[in-house]
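Data block below; observations after.
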Amino acid sequence: MTAQGKAEHDPDEALLRRVAAGDQAAIQALIARKLPRICALAARMLGDAMEAEDVAQEAFLRVWRQAPTWRSGEAKFDTWLHRVALNLCYDRLRRRREQPAAAPPDQVDPAIGADVTIEIMQTSIRVQAALSELPARQRDAILLHHYQELSNIDAAAVLGVSVDALESLLARGRRALRARLQGLR
Amino acid sequence: MRWPRPAPPQAKPLRDASPMSLERFEALADAFGADLSRWPETDRAAAQGLAEASPSARARLAQADALDAVLGLSRVAAPSAELRQRLLAGAPKPNAIRAAAAGPRSARAKLLRWLSGLGAVGVLTSGAVVGATVVSVSAASHGEADSMAGLYDQANTLDAGGA
């Protein structure tokens, strides 16, 4: 068992060192490796593709700033990046609550692609709605473990909870989703 | 790392050798879904054994699999090409480029240090013994002054070029 949330062997560390040195190939590789995942997390958190891209851009600006002073052995880079993105999403969700008159995010994301049928889009919206109705911690646990495919240990580290607490959040969240999404598929 | 980290979650001791109860299996399936590779590492071997032996365990996995499939219907947009370009524009620059960018500033700093040195020399020599010493210092420094002025011009040229 690896150290929980720590970087005994961080698969991103070598790449991050090259990023800090301005290695353009490494920068492109890091973007290719992380950007789609961070955008997906933010899109599911916020339900808005434009806002998700803003969050991803801010998260990567922090990566560029952090790379030269990254201290190995403290946390996995991927765990840290997810935490940064999650916090940026929390900020935006908080602002929405404080400014309820602001326009709600688009429920249909036109950027998903022309090959997606209306039926698939509607199903996706229903799943997204069910996720967004979950208590925040249950939603976050499911996003990190199911969609972001973090291990239980890394997802628990991002959320700052024990692995037992993560298991409980996942179980309650999935039970609620099963009830809300009955009849789909 | 700047974000505060709570005490890391503790892993459970290895349970591979112990048989798993159906109740525990169901709890894990409810939490982690049908893909055993996504279950806690410490539980996988025992869970695999129970899944092979127990129809009830397999039924619970099938139930979890159905929910996994529904969750998989959520689609999100891929990042735009414009976002990738914005990220590249803000990314760290190669060391060589950074060094070149730092060059003019270094030259300017050297020039300022040199000029302040001249001031110090002036103070030291402002006394009874002026004449020959000042002439000597000025003459010795003249070549360097020309050289530094050249660097200063170069810095201005580079600045203008980079603007």
Inset, instruction - Look through the range A:154-165, keep the residues that are within 7 Å of chain B (Cβ to nearest Cβ) and farther than 19 Å from residue A:84 by Cβ, and return whichever of them is surrounded by the fewest Cβ atoms within 10 Å (Cβ to Cβ). - result: A:162
Inset, instruction - Name every residue in the range B:34-47 that is surrounded by 15 or more Cβ atoms within 10 Å (Cβ to Cβ), more than 8 Å from chain A (Cβ to nearest Cβ) and assigned to a helix (DSSP H, G or I), in order of residue number. - result: B:36, B:43, B:44, B:45, B:46, B:47
Inset, instruction - State which residue is farthest from residue A:38 (Cα to Cα) when the search covers only the range B:55-71 and only residues that are in contact with a Lys or Arg (Cβ under 9 Å, 6 or more places away or on another chain) and either open to solvent by 40 Å² or more (accessible area, probe 1.4 Å) or in a loop (DSSP other than H, G, I, E, B) (or both). - result: B:63
Legend entry - All positions within the range A:14-71 that are farther than 19 Å from residue B:86 by Cβ and either more than 9 Å from chain B (Cβ to nearest Cβ) or part of a helix (DSSP H, G or I) (or both): A:14, A:15, A:16, A:17, A:18, A:20, A:44, A:45, A:47, A:68, A:69
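For the range A:166-177, how many residues meet the condition of being more than 15 Å from residue B:39 (Cα to Cα) and more than 7 Å from chain B (Cβ to nearest Cβ)?
Going through the range A:166-177 one residue at a time, the tally reaches 3.
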Inset, instruction - State whether one or more residues within the range B:22-33 are over 22 Å from residue A:137 (Cβ atoms), among the aliphatic types (A, V, I, L, M) and within 13 Å of another protein chain (Cβ to nearest Cβ). - result: no
Legend entry - Qualifying position, being part of a helix (DSSP H, G or I), modelled with pLDDT of 95 or more and surrounded by fewer than 22 Cβ atoms within 10 Å (Cβ to Cβ), among A:172, A:96: A:172
Inset, instruction - Go through (1) facing another protein chain (nearest Cβ under 8 Å); (2) open to solvent by 40 Å² or more (accessible area, probe 1.4 Å) and name the single condition residue A:180 misses. - result: (1)
Legend entry - the range A:137-153, residues that are among the charged types (D, E, K, R) and either over 21 Å from residue B:37 (Cβ atoms) or surrounded by 23 or more Cβ atoms within 10 Å (Cβ to Cβ) (or both): A:137, A:139, A:140
Inset, instruction - Determine if the range A:101-117 includes at least one residue that is open to solvent by 70 Å² or more (accessible area, probe 1.4 Å) and at pLDDT 85 or above. - result: no
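The values are calculated or read from the model by the stated rules, or taken from the named source; none is laboratory data. These numbers were taken from a predicted model, which means no experiment stands behind them. Backbone-built Cβ (ideal geometry, glycine too); neighbour counts: all protein chains shown. Keep in mind that these areas ignore ligands, DNA and RNA; they rest on the heavy atoms of the full protein, side chains included. Shrake-Rupley method; radii C 1.70, N 1.55, O 1.52, S 1.80 Å.
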